[in-house]
Each structure stands twice: as structure tokens, then as C-alpha cells.
Amino acid sequence: MNTVKEELIRALYDTGAVRFGSFKLKSGLTSPFYVDLRAIISYPAVMDLIARELIRLSRELRFDCLTGIPYTALPVGAIVSDRLKKPLVYQRKESKAYGTGKSLEGHYQAGQTCLVIDDVMTTGESKIEAAESLTAAGLKVRDFVIIVDRSFNGRAFLEEYGYKLHALVTMEEMVTVLSEKGLISAGQKQAVRDFMQQPPRAQRPGLEGMARSAPAAFNRTLAALALEKKSNLILSLDVTTKKAFFDLLEPLAGQIAMVKTHVDILEDFDEGFVRRLRKLARDEHFLIFEDRKFADIGNTVRHQFRDGLYHIADWADCVTVHPLPGPGILSGLFEGLHRPVAAFILAAMSARGTLISDNYTRRAIEMGREHRQWVAGFIGFGREKAHIERLRAKMPSDSFMLMPGVNLRQKGDGLGQQYVSAAEAVAGGADFIIVGRGILRAEEPLAEARAYREQAWRALLERGGL
Ligand code: S5P
């Protein structure tokens, strides 16, 4: 191994950027090492060494401008840009969003090739997100140069998308050098090697696993019910009279795991509606999902949930919550409730031009993870399988992702709604699909509901979801 690489490994070790021990990862896995390069900016000599090595690698690549993914790689990118005299651009972290046009800072020309610098390669998902934003802004992406590659199969993952990965050091090189120098033990070296052989993610438990042992009672119930009915279909019954509601629901009840209501669009809502719905749900084995999408401060949502005309907390099995106001919304809704009601947090939306950014999505999921006693899962959406997969990978494996925006015949509704097929949604990682007009407006709603149910269930089996 060349001495510069050894010097770099030593510097990463000395500055604490790579540590050895026992670390619990977000995925649930316990790792024998931890990589965090954020503090390297405080070590000018290390920054200089890294920049020189990145430049050496980059000289062999063709590009017109370069970017460093914020935060850590941005100052690194600035040094490389200065030394190579290549323009720098960057994506603001807080405004990253799939498919939104302008959010790239700096001057560049459409069609130019942009080299992407980042500190660490883990799953590769954030690299793809960065590439998508750059591509959406008109740039081409070919190569990623990374300081530490700690991924299981990051190179192959990026290759699937047509990108090349170049890394200064891998974990294998790291442990080889550090054990030669006596800085880690033979046991530590072996633990890292063993860990790197594992599959990248904790296995999804599947519906049977969820029915048996999901930590939340709601998730156990929903999983058991889906298995019993062989259905991961949620019917979104957006109609405005009780008659229309039950005329549609009664024949379809056998096909669904949940019915989703927007109770405030009913013109003739009364207690009789709730009684009849609850009885039907008990008889036909489905759950009631009121899609109220709470979005206010804790005190207001508490009233909206428990009081007013609808008394949602008395009859719904689950509701939707926008995480926008922060965790107080969850306490306001669920603290001290007299019966359990589960929450699904909106982590993404199916509407075109949604203001929800990647960063918001990440924090929405974080909020759900921190409140597992109330949060059963998330509402997610992606326009294609790869998007859905990346979104699902961010969510806890024993939570549910429900996906609206599913329609077998249409791509949109002229009001901003976007649709993908049931098979694509589930293949990408949606556990349940939410379907409204695709069924409600069909000439034969029962036959159509069966088609959605069968497509979604088959996709779940094919995904190995059971
Ligand atoms: O992002 C979202 C979240 C939800 S819950 N996009 C959505 O469309 N929904 C809901 O799913 C929406 O409120 C509606 O009730 C249903 C989709 O209806 P469809 O007729 O377009 O299938």
C-alpha cells in the first residue's frame, strides 16, 4: 500500500473520524466501527492531505464543474475547486427535493458534467438523491469520489444507476493498515471483516413476523387482518353522502384491509354513520382509517381529534398526521387518550409540486421513529420503483408504509394527483396501497377492487413480503 494512503488512514484514526468499538446503527444493526468525518474540517493538515488525494484521483476523470455534498464534503470540494481551477456548485441541504428544478447554487451551463465529492459511502442512497438533484438542474453526473467507502456493495449499487465510484480508502484497507501498526487488535480487524460480509439492511419482518411480534399492537392487528383477508388494499372512500358511502362499502368490504374516510366531506354525517361503520368493520374485519391529516399545534389538534362534530378519537383505528408542527402534535393528539388510535405520519405526498423536501422526509421519519408508541408507520409516495425503494429504506423495518397515488388506468387527475400502478408501488416497498377513484369511479367497482387487491397482494408475495 502506498505511504500516502497509510498516512491518510492514520490521520483518520488519530482525529477520531474512524472509531472501533460497538455502535448501534439506525438500521438496527450493531457495528464494530463508526465513521464520522464531520470534524476533519478542524484539521487543516488532514484537509490538505485529503484534497491532494482527491485531486490525484480526479485528474483521471472528465468533468466541467464539481460539487461537495453538504455539509462535510462542501469545504473539501471548495479546496479541490480552488486547486484544480474548476467551478464549484452546491445543493442546499434544506431545499433538496425530488424533481424540483432550481435549488442548485452557483453558475454552470446545462449539459456540463459535474463531479460529485462526498465524505462517506454507506448505502449509496444519498448519492443517488444528489445525482437526481444535479440531473434535474441540467447537469450530467458520471463519477463520485469518496473519502471513506464503508459500504457493503456501494460500487455495484451506483453502477446500477450508471455511476462510477472512486474511493480514497476502504474499510478493508483501513483495518489492514491499523492492525499492522498495532492500533487495533486482530479481533477488532476480524469483527470489521465479518460485519462487512453481512447484508446491508436488517431483514424486513414480513407480514407474518409483524402479526406475531411487531412492537405496536395496531401493527400486529393490521398485519393479522391483511393475512386473513389476503389483502393489502385500503379503500379511500371519498364520497359526500352516507348512502353513497355504504352502497359502495358494503359489497367491497370483503376485499379490503382498511377503509379510509374523509369524514368532513360527508354532508349528512351523524352518530348513526359511526355506529353503522363500526358494526360493518367488526362484521367484515377491516379497520377504520380517518385521513384527517392533523397539522396544527398540540392543543388545537387535540380538540379537532376528540371534540367538535366528529369525535374522531372515539371511533377511528388510525389517523394521519403532518409532522410540520413538531412532536407536540403527537402529544396533543395521543397523550392520555382513552382508547388506542394509531398515527401514520405523512413523510411524502403524491401531489405534484409538493413542498416536502428530502430533508423534511428524513426528519418526519425520525419523528415517527422517536414516537413508536403512537406511530404505526408512514404515508409515502414515489413516482417509480427506485424512488419508493429509497424512501422505504429510510423507514423502520417494522413500521408500515401506506402509499396513495395508485391507479391502474390513469397517470394523474388534472388536479395535481400523480399515479403509479399497484404492482409498482408494492414492488418498491409500499406495504399497503390506498386507492380511491380508481375503484370508486369504475363501472364495476367490485371487479376493479378485486383487480387492485390481487395485483397488490401478488406483488407483496413476489417481493418476499411474507
Ligand atoms: O399524499 C397523499 C396522501 C394521501 S392520504 N396523497 C393522497 O392522495 N392521499 C389521499 O389518498 C387523498 O386524500 C385521497 O383520499 C386518497 C387518494 O385518492 P385517489 O382517488 O386519488 O385514489
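The values are calculated or read from the model by the stated rules, or taken from the named source; none is laboratory data. Quick caveat, the model's predicted, so the values are computed rather than measured. With ideal geometry, Cβ positions are generated from the backbone for all residues, glycine too; neighbour counts draw on all protein chains shown. All accessible areas refer to the heavy atoms of the entire protein, side chains included, with ligands and DNA or RNA removed. Shrake-Rupley method; radii C 1.70, N 1.55, O 1.52, S 1.80 Å.
Remarks
- Conditions (1) touching a residue at least 24 places away in the same chain (Cβ under 8 Å); (2) touching a strand residue (DSSP E or B) at 6+ places or on another chain (Cβ under 9 Å); number of the one not met by LYS181: (2)
- For the range 222-247, the set of residues classified as among the polar types (S, T, N, Q) and either open to solvent by 10 Å² or more (accessible area, probe 1.4 Å) or within 16 Å of the ligand (Cβ to nearest atom) (or both) consists of ASN232, SER236, THR240, THR241, listed by residue number.
- Unmet requirement for GLU290, which otherwise passes all of (1) of a type outside the set (A, V, I, L, M); (2) within 12 Å of the ligand (Cβ to nearest atom); (3) surrounded by fewer than 21 Cβ atoms within 10 Å (Cβ to Cβ): (3)
- Whether a residue is under 16 Å from LEU391 (Cα atoms), assigned by TED's automatic domain parsing to the domain that holds MET258 and open to solvent by less than 40 Å² (accessible area, probe 1.4 Å) was assessed, and SER350 passes this test.
- The set of residues in the range 111-138 that are part of a loop (DSSP other than H, G, I, E, B) and modelled with pLDDT of 95 or more comprises GLY111, GLN112.
- Test: GLY412 is away from the ligand (no atom under 11 Å from the Cβ) and either touching a residue at least 24 places away in the same chain (Cβ under 8 Å) or of a type in the set (D, E, K, R) (or both): no
- Only residues that are within 8 Å of the ligand (Cβ to nearest atom) and of a type in the set (Gly, Ala, Ser) were counted in the range 427-461, giving 2.
- Residue check, ALA130 under 25 Å from ARG62 (Cα atoms) and open to solvent by less than 60 Å² (accessible area, probe 1.4 Å): yes
- Unmet criterion (only one of (1) more than 11 Å from the ligand (Cβ to nearest atom); (2) at pLDDT 95 or above; (3) over 26 Å from GLY206 (Cβ atoms)) for MET401: (3)
- Looking across GLU366, GLU424, GLU370, GLU384, one residue alone is within 15 Å of the ligand (Cβ to nearest atom) and of a type in the set (Asp, Glu). It is GLU424.
- Condition broken by ARG282, with the remaining ones in (1) of a type in the set (D, E, K, R); (2) within 16 Å of the ligand (Cβ to nearest atom); (3) over 28 Å from the mean Cα position of the chain (by Cα) satisfied: (2)
- The test for being of a type outside the set (Ser, Thr, Tyr), at positive phi and surrounded by 21 or more Cβ atoms within 10 Å (Cβ to Cβ) does not hold for GLY77.
- Output for the range 242-273, where each listed residue is of a type in the set (Lys, Arg) and touching a residue at least 60 places away in the same chain (Cβ under 8 Å): LYS260
- Residue in the range 138-147 that is surrounded by the most Cβ atoms within 10 Å (Cβ to Cβ), counting only those that are touching a Leu at 6+ places or on another chain (Cβ under 7 Å) and either touching a residue at least 40 places away in the same chain (Cβ under 8 Å) or not assigned by TED's automatic domain parsing to the domain that holds GLU173 (or both): VAL145
- Pair list, Cβ under 7 Å, 6 or more apart: the range 292-312 residue in the same structural domain as ARG278 (by TED's automatic domain parsing) and of a type in the set (Lys, Arg), other residue within 16 Å of the ligand (Cβ to nearest atom) and not in a loop (DSSP other than H, G, I, E, B): ARG292/ILE312; ARG292/VAL319; ARG292/THR320; LYS293/THR320; LYS293/LEU346
- Some residue of the range 249-258 being more than 16 Å from the ligand (Cβ to nearest atom), of a type in the set (A, V, I, L, M) and either within 21 Å of PHE432 (Cα to Cα) or modelled with pLDDT under 95 (or both): yes
- Test result for VAL76, of a type outside the set (D, E, K, R), part of a strand (DSSP E or B), touching an Asp or Glu at 6+ places or on another chain (Cβ under 8 Å) and at pLDDT 95 or above: no
- GLN197, sole failed condition from (1) over 19 Å from ILE69 (Cα atoms); (2) touching a Pro at 6+ places or on another chain (Cβ under 7 Å); (3) polar (S, T, N, Q): (2)
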